[in-house]
Amino acid sequence: MFPYRIFKMIRLSSQWLRGSLVSKGMFSVKRMLALAPPLRFPLSARLHSQYPLPESEKNILLMGPPGAGKTTVGRIIAQQLGRPAIDIDDDVLERQWGMSVADKLSAVGGQRFLEEEAAAVSNFSACGSVISLTGSNPLHAGAMARLRRTGIVLYLDVDTEDILQRLSRMKVQRIVGQEPEVSMRDILAYRQRFYNQCFDIRVLCGCGDTEEEVADKALRALKRYQDSESETFISTRSCEGEPATKKFFSDVVIEGLASDGGLYVPRNRFPKLEPREWLRMIHMSYLERATILLEKCIHPADIPPTELQAMVTRAYGKNFACAVIAPVRHLVQNQYVQELFHGPTGSFKDLALQLMPQLFAHCLPQMCNYLVLVATSGDTGGAVLDGFASLHDADRRRIGVLVFFPEEGVSEIQRLQMTAFQKGNTKAVGIHGNFDFCQKAVKRMFVDSNLTGRLAVEYGTVLSTANSINWARLLPQVVYHASAYLDLVRDGVIGFGDPIDACIPTGNFGNAMSAMYAKNMGIPIRKIICASNHNCALPDFIATGCYDLRNRVLTPSISPAIDILKASNLERFIFHALEGNGQLVRGLFCGLEEQGYLELPEAMLRRVQSGVLAGWCSEAECLAAIHEVHASTGYILDTHTAVAKVVADRLQDRTCPVIFSSTAHHAKFAPAVLRALQVQNTPTAPLDQLAWFRSHGSRPVIHEALNKCLRDVKRQSYTTCRADFSSMAEQVETMIRDSFLKGS
């Protein structure tokens with residue numbers, strides 16, 4: 001039996017088994033693996049719980065710092081669920097010790113207290129109870145590991161100011177680990193890393209939440225955790241009444257594109273945060289914001305939150321040139337720039353593609369190799385290759401990356417960044433055509449059953465994608481739009497709830513779509529302004545409702561990342577604007593693919609226009625904007641952000657702040673930028689161009705990763721091929737043979 005059928009059969013068997021066990025109340029994948037160890041899930045090891053206990057026997061353990069309200073919250077939850085309530089302090093420690101916890105701490109000191117607390121907990125057992133842990137339980141690894149094996153740990157993530165106020169009212173003067181010279185605030189901050197290592201569910205508490213409100217949030221979080229079947233995805237082209245296999249986050253990350261040619265979207269609405277939860281995040285770092293928001297969007301059955309947190313740390317911890325990830329700078333008047341280009345390849349794509357490969361690798365089954373196909377207009381290619389290159393060796397051996405880029409449609413630095421990866425399982429191929437053709441060919445490969453079947457049968461390889469059509473590529477971008485708004489609130493520019501506009505250089509509509517999802521989560525984005533260059537099919541569509549590609553020819557520009565006529569993520573936007581009418585979306589976009597044309601009815605067009613503005617500018621206007629901004633502020637815009645500024649100046653009414661998504665460092669497009677700055681005797685070598693910017697003190701400062709790329713990477717030969725589907729498919733097969741069959 002050939003690999004692809006095995007792949008499909010096991011996938012169906014695993015879904016039947018999951019459904020059978022759900023009906024019996026045993027719906028943990030770990031439970032299934034314990035019952036049948038040889039079974040491997042083809043689309044992910046989707047975990048419901050770490051521990052193979054029947055649901056009724058699992059304890060619910062409430063963890064959090066002193067003053068988090070664990071005892072009161074535990075009693076409320078126990079009453080709601082009809083379970084016994086146990087407080088470790090009152091019902092275990094004080095009964096065993098015959099003294100109060102405070103007296104014990106005074107008598108033996110902090111380190112001895114932890115050991116005696118662990119010993120007391122080791123003599124305690126319970127099942128099916130709601131247990132309020134002590135604030136110090138997580139500080140003893142062995143004791144906490146034993147407790148975790150008995151059930152589900154809910155982390156009551158309460159605002160520090162709320163905790164300090166409660167501890168003051170309770171007259172708590174000292175907690176475990178606190179020395180005389182250490183403040184209560186500092187010891188609480190120190191303990192947080194222990195809490196972050198050992199929970200199954202985070203209960204994010206808003207500023208000023210009462211214990212009753214915390215209990216309600218905990219119950220809702222617990223329900224979400226237990227209902228692992230609820231967070232599924234559908235295709236934008238799915239039709240009511242059609243039989244459909246449930247798709248989870250793990251599935252859509254691996255598949256990339258739906259089998260009917262549509263894009264995956266959540267079946268239910270995006271999670272919406274309460275204002276007090278957003279206020280909690282105002283003073284958090286980007287890493288903390290990203291962790292919390294992604295936890296809201298990824299079910300713990302797909303990626304446990306502690307593992308997700310580790311991925312976020314690896315993605316953003318050390319790979320960015322700026323100490324602050326995605327900082328927001330004031331430009332002029334009501335205009336702000338969010339600098340999204342401090343990642344390793346100098347592009348906003350890094351913010352998704354330093355994380356997405358880790359999500360992808362986590363969700364992989366063990367039985368197949370995967371080839372990630374990418375069509376790029378420039379920036380995505382280098383970011384994908386860099387992101388996947390940072391995976392662990394074992395993952396890299398099973399995942400290949402093949403990038404197709406328009407040979408005449410990228411900058412020299414972009415070309416060098418991509419063609420530097422020509423060994424092992426990574427490769428970039430130049431296509432003698434434009435980006436739209438590259439993207440169309442890649443999408444066609446996914447729905448070509450002859451090709452995908454042959455790759456599975458002969459090579460045991462499955463195709464996937466890292467373009468923004470992949471949900472795991474789009475989702476991390478939601479974070480930086482939310483983070484930009486929170487930065488303006490933190491800096492006193494606006495109050496929470498005040499509106500902003502977001503102006504985005506727009507090509508494939510992924511960045512704009514992620515801003516729309518941030519809005520759905522509760523960020524008050526008033527208008528999303530899509531800015532294009534002279535390849536302005538999208539602005540014309542937003543203005544007229546007619547998306548007509550029949551007589552359009554894509555013309556290369558000085559802002560190549562948005563040299564796109566057919567915006568893939570527009571399909572997601574239309575799907576939501578049509579309130580999930582997949583049948584209508586299918587008709588519209590199949591018509592676009594077959595005839596190069598679609599038209600929205602007037603009522604639907606008005607719905608589209610209610611949240612989006614769109615415009616375009618000429619190359620002369622783009623260059624003039626770079627020159628004018630530099631002359632007045634000393635700041636250098638790249639050729640895409642300059643497009644955003646021109647369009648915003650024309651369309652935005654200045655009644656609220658507008659944030660430009662600055663999608664690339666200006667040095668990546670040095671020839672055009674130097675021309676805009678009217679530099680005489682412009683250097684021709686890319687390394688000399690960067691040296692000019694450095695010697696003239698350009699702001700923002702030169703991106704060292706770009707400098708290193710030009711200094712260390714020599715231009716080398718690379719493969720090119722015709723703009724022909726068969727030729728590109730041949731490159732795919734060659735890549736698979738060279739990578740997986742030779743064991744590279």
Check your understanding: Which whole-Hz ³J(HN,Hα) couplings does region 721-736 yield from phi under the Karplus relation 6.51 cos²θ - 1.76 cosθ + 1.60, θ = phi - 60°, glycine and proline marked x?
Key -> 8, 5, 7, 9, 4, 4, 5, 5, 4, 5, 4, 4, 5, 4, 4, 5
**Study point:** Nearest 10 degrees, 0 to 90: helix 211-226 Cα axis against the chain principal axis
**Key:** 60 degrees
Point to revise | Binned Cα-Cα distances of region 75-193, short to long, each 5 Å bin given as a whole percent | key: 2, 10, 19, 23, 21, 17, 7, 1, 0
Practice item. Order the peptides 167-179, 271-283, 245-257, 644-656 from the highest to the lowest mean number of other Cβ atoms within 10 Å of their residues. Key: 245-257, 644-656, 271-283, 167-179
Exercise for review: Go ahead and collect, in residue order, the members of region 639-670 whose backbone nitrogen is under 12 Å from a label point 7 Å along the Cα-Cβ direction of R694.
Suggested key: none
Check your understanding: In region 649-739, what percent of the accessible surface is made up of carbon and sulfur (1.4 Å probe, ligands and nucleic acids excluded)?
Key -> 48 percent
Review point. Among rounded, prolate and oblate, which fits region 153-197 when a ≥ b ≥ c are the square roots of the eigenvalues of its C-alpha gyration tensor, a/c under 1.5 means rounded, and a/b larger than b/c means prolate?
Key: oblate
Point to revise | Residues of region 556-574 with amide N under 17 Å of the 7 Å Cα→Cβ point at S618 | key: 556-559
Practice item. Would you mind calculating the gained length between E181 and Q422 on full extension (0.36 nm times residue separation, minus the Cα-Cα distance), in nm to one decimal? Key: 81.1 nm
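Taking R0 as 30 Å, what's the FRET efficiency between Q173 and A141 from their Cβ-Cβ distance, rounded to 0.05?
0.65
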Check your understanding: Helix 686-695 versus the longest principal axis of the chain: what is the Cα-based angle in degrees, 0 to 90, to the nearest 10?
Key -> 70 degrees
Review point. What are the residues whose amide H is under 5 Å from the amide H of R237, where those residues sit 5 or more places off or on another chain and H is modelled from the backbone?
Key: G262, L263
**Study point:** Fraction of accessible area attributable to carbon and sulfur, region 336-474 (%, probe 1.4 Å)
**Key:** 48 percent
Check your understanding: To the nearest 0.05, what FRET efficiency results for N551 and R397 with a Förster distance of 56 Å applied to their C-beta separation?
Key -> 0.75
Exercise for review: Quickly work out the E115-to-Q366 label distance, labels modelled 7 Å from Cα along the C-beta direction, and quote it in nm with one decimal.
Suggested key: 4.0 nm
Review point. What full-extension length gain, to one decimal in nm, is calculated for H283 and R267 as 0.36 nm per residue of separation minus the Cα-Cα distance?
Key: 2.5 nm
Point to revise | For K58, residues with placed amide H under 5 Å, excluding near neighbours | key: G128
Practice item. Starting at the first residue of region 632-646, write each ³J(HN,Hα) from the Karplus equation 6.51 cos²θ - 1.76 cosθ + 1.60 with θ = phi - 60°, in whole Hz, x for Gly and Pro. Key: 8, 10, x, 8, 10, 7, 7, 6, 8, 5, 5, 4, 4, 5, 4
Review point. Taking square-rooted eigenvalues a ≥ b ≥ c of the alpha carbon gyration tensor, is region 603-744 rounded, prolate or oblate, where a/c under 1.5 means rounded and, failing that, a/b exceeding b/c means prolate?
Key: oblate
Review point. What accessible area per residue comes out for the chain, rounded to a whole number of Å², with a 1.4 Å probe?
Key: 39 Å²
Point to revise | Extension gain, D491 back to E307 (0.36 nm per residue minus Cα-Cα distance, nm) | key: 63.1 nm
Exercise for review: Starting from region 662-702, pick out the trypsin sites (Lys or Arg not before Pro) whose DSSP state is loop and whose Cβ has at most 16 other Cβ atoms within 10 Å.
Suggested key: none
Practice item. Would you please name the chymotrypsin sites (Phe, Trp or Tyr not before Pro) within region 282-329 that are DSSP coil residues with at most 13 other C-beta atoms within 10 Å of their C-beta? Key: none
Point to revise | Amide hydrogen neighbours beyond the local backbone of Y155, cut-off 5 Å, H modeled | key: M63, D200, I201, R202, V203
Point to revise | Label-reachable residues, region 53-89, where backbone N falls under 20 Å from a point 7 Å from Q192's Cα toward its Cβ | key: 63-70
Point to revise | Accessible carbon and sulfur surface of region 80-204 relative to its total accessible area, %, 1.4 Å | key: 47 percent
Review point. Which of the pairs K272/K519; K645/K668; K349/K427; K246/K566 have their Cα atoms more than 21 Å apart in this structure?
Key: K246/K566
**Study point:** Between 0 and 90°, nearest 10: helix 379-389 axis offset from the chain longest Cα axis
**Key:** 40 degrees
Review point. Loop-only check: which GluC sites (Glu not before Pro) in region 362-457 are DSSP coil with at most 12 other Cβ within 10 angstrom?
Key: E408
Point to revise | Separation in nanometres of the label points that stand 7 Å from Cα toward Cβ, at E57 and Q583 | key: 4.9 nm
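The values are calculated or read from the model by the stated rules, or taken from the named source; none is laboratory data. Just so we're clear, the structure is a prediction, and the values are computed from it rather than from any experiment. Virtual Cβ from ideal backbone geometry, glycine too; neighbours counted across all protein chains shown. Remember, those area values only see protein heavy atoms, side chains included, never the ligands or the DNA or RNA. Shrake-Rupley method; radii C 1.70, N 1.55, O 1.52, S 1.80 Å.
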